[in-house]
Amino acid sequence: MENFTAYNPTTLHFGKDVLRALGPTINRFGKKVLLVYGQGSIKKSGLYDEIMTYLNAIGAEVSEYGGIRSNPVIEDVDAAAAIGREKSVDVILAVGGGSVIDSAKVIAAAIPADVPAWNFFVRRAMIRCAVPVVAVLTLAATGSEMNQFAVVSNHEAEVKNSIGSPLLFPKHSFLDPQLTVTVPRNYTAYGITDIIAHALEAYFGKGEEATLTDRFVFDIIKEVMEYGPQLLDDLTNYELRAKIMFAATMALNGMTMYGRASGEWGVHSIGHILSLLYDVPHGASLSIVYPAWLKLQKERLPERISQLGRNIFGTGDVDKTITMFEEFFRRIGSPVRISEAVGEKADPDEIFRVMGSNKAATYVHKLDQDDYREIIRLMM
Ligand code: NZQ
Ligand code: ZN
């Protein structure tokens, strides 16, 4: 087993009506609140009004930044940070999915640093302090609610990249599965894919002797493969929403990394290219890349893939294992080819070029130029 440090300071409030504790929780950090949210789902669902009621009850002075896009962009982060700086906010309240929470984390670091937020991503600035972030999660997928990572795109630089810092963990995260019943079927499926992908990125990382942690991975995948399809047939079922929400948080909060030196993250880095170029939703990008990546790696990592297959599908056959993952993604309605996600506009040469400039999949199981061509062919 590899050495590891376990650290996770996020307080998680999970279950029905946990939001009732939001006001007092915010109050512990101060009255000046920057509320950050997405493109309008929280207004449509009534959550915005509910949040405002809690904030008004503590006499909060609320500034807001709405309109964060799915696959969030650096311009929004800088614009929101400028508001937060001007108002000297005490706390940032992020209400939404991973895109909103990730943006809030970077805003939190950019406010005190008073630099363009992209500087953190290109290591021109270090995160030395951050405004506290409190999150209200509305979509089960990324795990951002209980981790230290944030992913943002810079279209000018043609980069979608992540940063991580122990200062970026949300202080508190509120997870009421009831808030996810309005997530449409497609994004519910993409969330299920993302959970599986997070477990797999950990499993294919550095450190294969962490047997207990491998079991966490298998069980997270089995949990969502069993209950995910049931949820897709019954989108307003509380218990099923709760199971998927819990699994999403556990899949990327450190638990699948104990005893490993690092995760693999190659599939994510390629998925980010598809999101950057064609705005493919994050989870949808991963169901395209994973089967292709496994096919590319099957002769290099036969034992590892076979062990995965034995534990998830009851077969040690590598090809069957890959096919069964692909069929699962297809069955839940998460695309498995680029053409399914973006039609004919995808350009293999463009993908190849941007994979190169982003150094995609060059971390643990490094891909070279020939691998790039092959994986693109497998994804088309
Ligand atoms: O913008 P609004 O109107 O809120 O609509 C969103 C958005 O259109 C909608 N939605 C969210 N909650 C809803 C809802 N619609 C109805 N009812 C609700 N309750 O869903 C759409 C997708 O939201 P988004 O936040 O973009 O999805 P997700 O949570 O999948 O986040 C994706 C982003 O997170 C990054 C991804 O790269 C991507 O940019 N990731 C972050 C990670 C992390 N911080 O650890 C790890 C992940 O691997 C991932 O890279
Ligand atoms: Zn992901």
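Results, tabulated for the structure shown:
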{"item": "Efficiency of FRET between E239 and E64 - r from beta-carbon atoms, R0 30 angstrom, step 0.05", "result": "0.35"}
{"item": "Cut-off of 10 Å, at most 13 other beta carbons, DSSP loop: longest stretch of the chain lacking such GluC sites (Glu not before Pro)", "result": "1-155"}
{"item": "Tilt relative to the chain, helix 369-379 - C-alpha long axis, 0 to 90 degrees, to 10", "result": "80 degrees"}
{"item": "In the stretch 185-379, lysine pairs closer than 13 Å at Cα, eight or more apart or cross-chain", "result": "4"}
{"item": "Nearest-ten-degree value, helix 238-251 long axis tilted from longest Cα axis of the chain", "result": "80 degrees"}
{"item": "Angle in degrees between helix 282-297 and the longest Cα principal axis of the chain, rounded to the nearest 10", "result": "30 degrees"}
{"item": "Which of G283, A141, S165, positive extreme of dipole for the chain (C-beta unit charges)", "result": "S165"}
{"item": "Relative contact order, percent, the stretch 1-74 [alpha-carbon distance under 8 Å, six or more residues apart]", "result": "38 percent"}
{"item": "Relative intensity, log₁₀ I(q)/I(0), of the chain from a Debye sum that treats every alpha carbon as a point, q = 0.08, 0.12, 0.14 Å⁻¹", "result": "-0.38, -0.89, -1.22"}
{"item": "Qualifying trypsin sites (Lys or Arg not before Pro) for the stretch 320-380 [loop in DSSP, other Cβ within 10 Å: at most 16]", "result": "K345, K359, K366"}
{"item": "Dipole magnitude (debye, nearest 20) for the stretch 182-244, charges at Cβ of Lys, Arg, Asp, Glu", "result": "160 debye"}
{"item": "Kirkwood Rh, angstrom, the stretch 257-296 [1 / mean 1/r, Cα pairs]", "result": "10.8 Å"}
{"item": "Positive-end residue, the chain charge dipole about Cα centroid, Cβ charges, pick of F329, T11, M250", "result": "T11"}
{"item": "Normalised contact order of the stretch 185-379, rounded percent, pairs of Cα under 8 Å and 6 or more residues apart", "result": "26 percent"}
{"item": "Kirkwood-Stokes translational diffusion coefficient of the stretch 260-375, alpha-carbon pairs, 25 °C, 0.890 mPa s, µm²/s", "result": "167 µm²/s"}
{"item": "Percentage relative contact order, the chain, counting C-alpha pairs under 8 Å, at least six apart", "result": "16 percent"}
{"item": "Inter-label distance for D349 and E327, nm, one decimal - labels placed 7 Å from Cα along Cα-to-Cβ", "result": "3.9 nm"}
{"item": "Net lengthening on full extension, T315/N8 (0.36 nm per residue, minus Cα-Cα)", "result": "107.0 nm"}
{"item": "Proxy reagent accessibility, fewest Cβ within 10 Å first, across H272, H13", "result": "H13, H272"}
{"item": "Nearest-20 debye value, the chain charge dipole, Cβ charges on Lys, Arg, Asp, Glu", "result": "620 debye"}
{"item": "For the stretch 11-179: Kirkwood Rh in Å [reciprocal of mean 1/r, alpha carbons]", "result": "15.5 Å"}
{"item": "For the chain, the longest site-free run once chymotrypsin sites (Phe, Trp or Tyr not before Pro) in DSSP loop states with at most 16 other Cβ atoms within 10 Å are removed", "result": "8-380"}
{"item": "Burial ordering of R69, R260, R128, fewest other beta-carbon atoms within 10 Å first", "result": "R128, R69, R260"}
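We did not get these values from a lab; they are worked out from the coordinates using the rules stated. Just so it is clear, the model here is predicted, and its values are computed rather than measured. Here the Cβ is made from the backbone with ideal geometry for all residues, glycine too, and neighbour counts use every protein chain on show.
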